[in-house]
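**Q** My questions all concern the structure below.
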Amino acid sequence: ITQEFVDADDVSNKTKNGENAYLRHLTYEGAEMRYGDDFGEDIRERLDFELSVIANTGYPGYFLITWDFIKAAREMDVAVGPGRGSAAGSAVAYCLKITNVDPIHYDLLFERFLNPDRVSMPDIDIDFDDENRYKVMDYVIEKYGASQVAQIITYGTMAAKSSIRDCARALDLPLQDADRVAKLIPDFAKLKKIFALEDNEISGKFRGDDADMVRELRRLADIDDPVGEMLTQARILEGSVRNTGVHACGVIITPDDLTNFVPVATAK
């Protein structure tokens, strides 16, 4: 058993060393293309610093995977954004053509992206054009396997107005009654917050007509009739998950079968 663990650690270390070496090779190869064959010592120091931080925090594989599918996207004529967010501060990302903004020229900080004193997961924001990003998705699935790649689920929750309309349907109330009550809710307001207010606090939270609508809503909720019951149930259901969907861009790639790491569901 001890020997098995030793062998496993040895393989893991070789993998990490191989990732670090390959990332360094690609970075310096890219630096020659970006800055010319005789780029200065300042650029070399910046790249060595970034590579050491990436290696010490364990993220060379993340850079290599990202580099690979962005490279594939360009080869498939999928439009790729120039880079945004903190990743634009990485000279390694610039040399790998993950981004197209030179952080050295614009004096951008790598530490905002990956800080050796505050280890947090790096986040490279990538934009592919809407019509062709499916090609990148297909490429990643083909490369890593359908059992290791999935899009991320999204959850739609009941907002105040939709919870009222759904409760009205369940209680067989006329649609016009539901619409009349739903229109009393100010934009972006939540039922739980509206009914948590004291009467003298309404004017401080809402202005003009909105305050009048909130008072009318609270009056209707106090009446013992189907509309009052609808509002009571809507307050309970507000914020509940109403439906699921597929995230437009979020993708998860796992080192083994997805089911070993996360729960999965099928979608149309």
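**Q** Just to be sure I understand the filter: pairs with C-beta atoms under 9 Å, separated by 6 or more residues or on different chains, first member in region 140-168 and under 30 Å from L237 (Cβ atoms) and part of a strand (DSSP E or B), second member basic (K, R) and open to solvent by 40 Å² or more (accessible area, probe 1.4 Å). Which pairs pass?
**A** Close Cβ pairs (under 9 Å, with a partner that is basic (K, R) and open to solvent by 40 Å² or more (accessible area, probe 1.4 Å)) amount to Y155/R242; G156/R242; T157/R242.
**Q** In region 69-81, how many residues are in contact with a helix residue (DSSP H, G or I) (Cβ under 8 Å, 6 or more places away or on another chain) and either open to solvent by 20 Å² or more (accessible area, probe 1.4 Å) or touching a residue at least 60 places away in the same chain (Cβ under 8 Å) (or both)? Reasoning before the result, please.
**A** As a first pass, look at region 69-81 and keep what is in contact with a helix residue (DSSP H, G or I) (Cβ under 8 Å, 6 or more places away or on another chain): 69, 72-73, 76, 78, 80.
When the remaining residues are screened for being either open to solvent by 20 Å² or more (accessible area, probe 1.4 Å) or touching a residue at least 60 places away in the same chain (Cβ under 8 Å) (or both), the result is 69, 72-73, 76, 80.
Selection size over region 69-81: 5.
**Q** Okay, moving on. Answer yes or no as to whether A267 is among the aliphatic types (A, V, I, L, M), open to solvent by less than 70 Å² (accessible area, probe 1.4 Å) and farther than 13 Å from S163 by Cα. Full working, then the answer.
**A** Details: among the aliphatic types (A, V, I, L, M): yes; open to solvent by less than 70 Å² (accessible area, probe 1.4 Å): no; farther than 13 Å from S163 by Cα: yes.
In short, no.
**Q** From (1) open to solvent by 70 Å² or more (accessible area, probe 1.4 Å); (2) assigned to a helix (DSSP H, G or I), pick out the condition that doesn't hold for D187.
**A** Going through the list (1) open to solvent by 70 Å² or more (accessible area, probe 1.4 Å); (2) assigned to a helix (DSSP H, G or I), D187 breaks only (2).
**Q** Between I152, I194, I202, which is over 16 Å from S240 (Cβ atoms) and in contact with a strand residue (DSSP E or B) (Cβ under 7 Å, 6 or more places away or on another chain)?
**A** Numbers: I194 fails: in contact with a strand residue (DSSP E or B) (Cβ under 7 Å, 6 or more places away or on another chain); I202 fails: in contact with a strand residue (DSSP E or B) (Cβ under 7 Å, 6 or more places away or on another chain).
Sole residue among the options that is over 16 Å from S240 (Cβ atoms) and in contact with a strand residue (DSSP E or B) (Cβ under 7 Å, 6 or more places away or on another chain): I152.
**Q** Separate question: Kindly establish whether N56 is polar (S, T, N, Q), part of a loop (DSSP other than H, G, I, E, B) and farther than 28 Å from T259 by Cβ.
**A** On the way: polar (S, T, N, Q): yes; part of a loop (DSSP other than H, G, I, E, B): no; farther than 28 Å from T259 by Cβ: yes.
In short, no.
**Q** In addition: Of all residues in region 117-141, how many are loosely packed, with under 13 Cβ neighbours inside 10 Å, closer than 17 Å to N56 by Cα and not hydrophobic (A, V, I, L, M, F, W, C)?
**A** The qualifying residues number 4.
**Q** Kindly indicate the residue of region 190-220 that is of a type in the set (G, A, S) and open to solvent by 20 Å² or more (accessible area, probe 1.4 Å) and also modelled with the highest pLDDT among those meeting that condition. Steps first, answer last, please.
**A** Residues of region 190-220 of a type in the set (G, A, S): 196, 203-204, 208, 211.
From what is left, the residues that are open to solvent by 20 Å² or more (accessible area, probe 1.4 Å) are 196, 203-204, 208.
On the way: A196: 93, S203: 89, G204: 90, G208: 88.
The selected residue is A196.
**Q** Separate question: Scan region 36-51 and tell me whether some residue there is farther than 28 Å from I252 by Cβ, touching a residue at least 40 places away in the same chain (Cβ under 8 Å), surrounded by fewer than 16 Cβ atoms within 10 Å (Cβ to Cβ) and over 20 Å from the mean Cα position of the chain (by Cα). Break it down into steps so the answer makes sense when it comes.
**A** Of region 36-51, the ones farther than 28 Å from I252 by Cβ are 36-49.
Narrowing further to those that are touching a residue at least 40 places away in the same chain (Cβ under 8 Å): 42-43, 46-47, 49.
Checking which are surrounded by fewer than 16 Cβ atoms within 10 Å (Cβ to Cβ) leaves us with 42, 49.
Checking which are over 20 Å from the mean Cα position of the chain (by Cα) leaves us with 42, 49.
Yes: one or more hits.
**Q** Considering only residues of region 105-114 that are outside any loop (DSSP other than H, G, I, E, B) and open to solvent by 10 Å² or more (accessible area, probe 1.4 Å), which is nearest to I54 (Cα to Cα)? Write out each step before concluding.
**A** Initial filter on region 105-114 (outside any loop (DSSP other than H, G, I, E, B)): 110-112.
Remaining after also requiring open to solvent by 10 Å² or more (accessible area, probe 1.4 Å): 111-112.
Working: E111: 11, R112: 13 Å.
That would be E111.
**Q** Hey, could you check region 142-158 for residues that are over 18 Å from the mean Cα position of the chain (by Cα) and buried (at least 17 other Cβ atoms within 10 Å of the Cβ) and say which is modelled with the highest pLDDT?
**A** Keep residues of region 142-158 that are over 18 Å from the mean Cα position of the chain (by Cα), which gives 142-148, 158.
Next, from what is left, pick out any that are buried (at least 17 other Cβ atoms within 10 Å of the Cβ): 148, 158.
Working: Q148: 97, M158: 93.
Among them, the one singled out is Q148.
**Q** Another question, then. Which condition number in (1) open to solvent by 40 Å² or more (accessible area, probe 1.4 Å); (2) under 14 Å from C167 (Cβ atoms); (3) assigned to a helix (DSSP H, G or I) is the one that R242 fails?
**A** For R242, the exception is condition (3).
**Q** List every residue pair whose Cβ atoms lie under 9 Å apart, where the two residues are 6 or more positions apart in sequence or sit on different chains, the first residue falls within region 96-109 and is under 23 Å from G61 (Cβ atoms), and the second residue, located anywhere, is of a type in the set (G, A, S) and surrounded by fewer than 17 Cβ atoms within 10 Å (Cβ to Cβ).
**A** T99/G81; N100/G81
**Q** Shifting gears a bit: Would you say A91 is farther than 18 Å from I124 by Cα, over 22 Å from the mean Cα position of the chain (by Cα), crowded, with 19+ Cβ neighbours inside 10 Å and in contact (Cβ under 8 Å) with a residue 24 or more places away in the chain? Steps first, answer last, please.
**A** On the way: farther than 18 Å from I124 by Cα: no; over 22 Å from the mean Cα position of the chain (by Cα): yes; crowded, with 19+ Cβ neighbours inside 10 Å: yes; in contact (Cβ under 8 Å) with a residue 24 or more places away in the chain: yes.
Spelling it out, it is not the case that A91 is farther than 18 Å from I124 by Cα, over 22 Å from the mean Cα position of the chain (by Cα), crowded, with 19+ Cβ neighbours inside 10 Å and in contact (Cβ under 8 Å) with a residue 24 or more places away in the chain.
**Q** With the structure loaded, tell me whether D102 is in a loop (DSSP other than H, G, I, E, B) and either aliphatic (A, V, I, L, M) or surrounded by fewer than 18 Cβ atoms within 10 Å (Cβ to Cβ) (or both) or whether it fails that test. Spell out the reasoning first.
**A** On the way: in a loop (DSSP other than H, G, I, E, B): yes; either aliphatic (A, V, I, L, M) or surrounded by fewer than 18 Cβ atoms within 10 Å (Cβ to Cβ) (or both): yes.
It is true that D102 is in a loop (DSSP other than H, G, I, E, B) and either aliphatic (A, V, I, L, M) or surrounded by fewer than 18 Cβ atoms within 10 Å (Cβ to Cβ) (or both).
**Q** In region 159-178, how many are more than 32 Å from the chain's Cα centre (by Cα), surrounded by 14 or more Cβ atoms within 10 Å (Cβ to Cβ) and among the acidic types (D, E)? So that I can check it myself, show each step before the final result.
**A** Step one: filter region 159-178 for residues more than 32 Å from the chain's Cα centre (by Cα), giving 168-178.
Now narrow it down to the ones that are surrounded by 14 or more Cβ atoms within 10 Å (Cβ to Cβ): 168, 171, 173, 177-178.
Subsequent filtering for residues that are among the acidic types (D, E) retains 177.
Final tally of qualifying residues: 1.
The values are calculated or read from the model by the stated rules, or taken from the named source; none is laboratory data. Given the structure is predicted, the values throughout are model-derived calculations rather than measurements. No Cβ is skipped: glycine too gets one built from the backbone with ideal geometry, and neighbour counts run over all protein chains shown. Ligands, DNA and RNA are excluded from the accessible area calculation, which covers all protein heavy atoms including side chains. Shrake-Rupley method; radii C 1.70, N 1.55, O 1.52, S 1.80 Å.
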